[in-house]
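Reading through the structure tokens given below for one structure.
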Amino acid sequence: MSKKSDMFYFNNLSECAKISLQASEFVLDFLKNYDESKADEKLDALHQIEHSGDKKKHEMLAALVREFITPIERDDLIELAQGIDNVTDAIEDIVIHYNITGHKQVRPDSIEFAELLVKCCETLTKIMEEFKNFKKSKKLPELIVELNGYEEQGDMIYIKAMKNLHTNSNDALDVIAWRDVFNYLERACDACEHVCDVVESVVIGNI
């Protein structure tokens with residue numbers, strides 16, 4: 001396989017990560033400027049972002065069907081493509097849940113969580129941009145550590161937010177609805193870390 005063909009896979013993964021970042025920024029803006037009357041409109045807009053990620057993933061899978069030799073293991077490419085797609089899907093789930101439950105307001109800790117999610121996706125994008133140099137990159141291990149650190153911060157925000165929710169809310173339905181929101185936010189951060197773990201595994205496997 002030529003170097004140009006190799007780059008298709010790395011560029012595709014990088015583009016998918018940028019779409020996840022775009023989705024995370026969309027959700028942060030959605031929460032900061034929440035307007036219940038525009039929930040349907042916002043969900044449609046986010047779905048278009050998610051759909052563009054699906055198209056990129058399918059381009060990758062179609063290329064894998066045609067190619068015999070790939071720059072890294074075929075299974076790793078598939079797991080990375082699916083992993084990044086899972087990030088975008090988890091982000092979309094946040095707005096889907098808002099749309100279903102008809103939230104009247106936004107809890108401040110959900111905005112804090114969304115801000116961290118953007119940081120996770122920013123770092124994930126940098127990781128996938130650097131991934132083409134995985135055999136000799138000194139920056140890649142630093143970015144992996146950075147993303148792991150953000151995911152740990154996410155765990156702390158999740159614990160704090162859930163404690164505040166169960167301690168300060170007397171409305172059982174409100175607790176259930178917000179618990180799901182925080183679960184989706186945590187799931188999105190965890191999905192970022194999973195992609196990071198696959199990248200790390202590829203790096204270690206090629207030392």
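The values are calculated or read from the model by the stated rules, or taken from the named source; none is laboratory data. None of these values were measured; they are calculated from a predicted model. Cβ atoms come from the backbone with ideal geometry, glycine included; neighbour counts cover every protein chain shown.
Suppose we filter LYS38, LYS139, LYS104, LYS119 for residues that are closer than 26 Å to ASN164 by Cα and either of a type in the set (Ser, Thr, Tyr) or over 16 Å from the mean Cα position of the chain (by Cα) (or both); which single one remains? Lay out the reasoning, then the answer.
Details: LYS38 fails: closer than 26 Å to ASN164 by Cα; LYS139 fails: closer than 26 Å to ASN164 by Cα; LYS119 fails: either of a type in the set (Ser, Thr, Tyr) or over 16 Å from the mean Cα position of the chain (by Cα) (or both).
Residue meeting the stated conditions: LYS104.
Listed here are the residues, each with its yes/no results for (1) outside any helix (DSSP H, G or I); (2) under 27 Å from ILE19 (Cα atoms); (3) without any contact (Cβ under 8 Å) to a residue 24 or more places away in the chain; (4) in contact with a helix residue (DSSP H, G or I) (Cβ under 6 Å, 6 or more places away or on another chain).
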site	(1), (2), (3), (4)
LYS132	no, yes, no, yes
GLU142	no, yes, yes, no
MET156	no, yes, yes, no
LYS160	no, no, no, no
PHE182	no, yes, no, yes
ARG187	no, yes, no, yes
GLU200	no, yes, no, yes
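Just checking, does segment 95-103 include any residue being out of contact with any Pro (no Cβ under 7 Å at 6 or more places or on another chain), under 30 Å from TRP178 (Cα atoms), hydroxyl-bearing (Ser, Thr, Tyr) and at pLDDT 95 or above? Please lay out each step first, then the result.
Initial filter on segment 95-103 (out of contact with any Pro (no Cβ under 7 Å at 6 or more places or on another chain)): 95-103.
Now narrow it down to the ones that are under 30 Å from TRP178 (Cα atoms): 95-103.
This time we only want the ones that are hydroxyl-bearing (Ser, Thr, Tyr), so: 98, 101.
Still in the running and at pLDDT 95 or above: none.
No, that holds for no residue.
Count, please, the residues in segment 157-207 that happen to be over 15 Å from the mean Cα position of the chain (by Cα) and more than 24 Å from VAL95 (Cβ to Cβ).
Adding up the residues that qualify gives 12.
Just for segment 1-38: of the residues that are small (Gly, Ala, Ser) and under 20 Å from GLU115 (Cα atoms), which one is surrounded by the most Cβ atoms within 10 Å (Cβ to Cβ)?
Residue satisfying both the conditions and the ranking: SER20.
Can you find a residue in segment 107-115 that is crowded, with 16+ Cβ neighbours inside 10 Å and in contact with a Cys (Cβ under 9 Å, 6 or more places away or on another chain)?
yes
Would you point out which residue out of ILE78, ILE94, ILE49 is under 22 Å from the mean Cα position of the chain (by Cα), closer than 19 Å to ASN206 by Cβ and of a type in the set (Val, Ile, Thr)?
Working: ILE94 fails: closer than 19 Å to ASN206 by Cβ; ILE49 fails: closer than 19 Å to ASN206 by Cβ.
Among ILE78, ILE94, ILE49, only ILE78 is under 22 Å from the mean Cα position of the chain (by Cα), closer than 19 Å to ASN206 by Cβ and of a type in the set (Val, Ile, Thr).
Taking the conditions exactly as written (surrounded by fewer than 19 Cβ atoms within 10 Å (Cβ to Cβ) and of a type in the set (A, V, I, L, M, F, W, C)), does ILE127 satisfy them or not?
Answer is no for this residue.
Of the residues that sit in segment 52-75 and are hydrophobic (A, V, I, L, M, F, W, C) and under 23 Å from SER201 (Cα atoms), which one is surrounded by the fewest Cβ atoms within 10 Å (Cβ to Cβ)? Walk me through how you get there before you give the answer.
First, pick out the residues of segment 52-75 that are hydrophobic (A, V, I, L, M, F, W, C): 60-65, 68-69, 72.
Then keep just the ones that are under 23 Å from SER201 (Cα atoms); that gives 60-61, 63-64, 68-69, 72.
Details: MET60: 22, LEU61: 12, ALA63: 15, LEU64: 16, PHE68: 7, ILE69: 9, ILE72: 18.
Only one residue tops the list, namely PHE68.
Of the residues that make up segment 166-176, is at least one touching a residue at least 12 places away in the same chain (Cβ under 8 Å), surrounded by 13 or more Cβ atoms within 10 Å (Cβ to Cβ) and touching a helix residue (DSSP H, G or I) at 6+ places or on another chain (Cβ under 6 Å)?
Scanning segment 166-176 turns up no residue that is touching a residue at least 12 places away in the same chain (Cβ under 8 Å), surrounded by 13 or more Cβ atoms within 10 Å (Cβ to Cβ) and touching a helix residue (DSSP H, G or I) at 6+ places or on another chain (Cβ under 6 Å).
Yes/no matrix, rows are residues, columns are (1) within 23 Å of ASP180 (Cβ to Cβ); (2) charged (D, E, K, R):
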{"residue": "ALA45", "(1), (2)": "yes, no"}
{"residue": "GLN48", "(1), (2)": "no, no"}
{"residue": "THR70", "(1), (2)": "no, no"}
{"residue": "ASP75", "(1), (2)": "no, yes"}
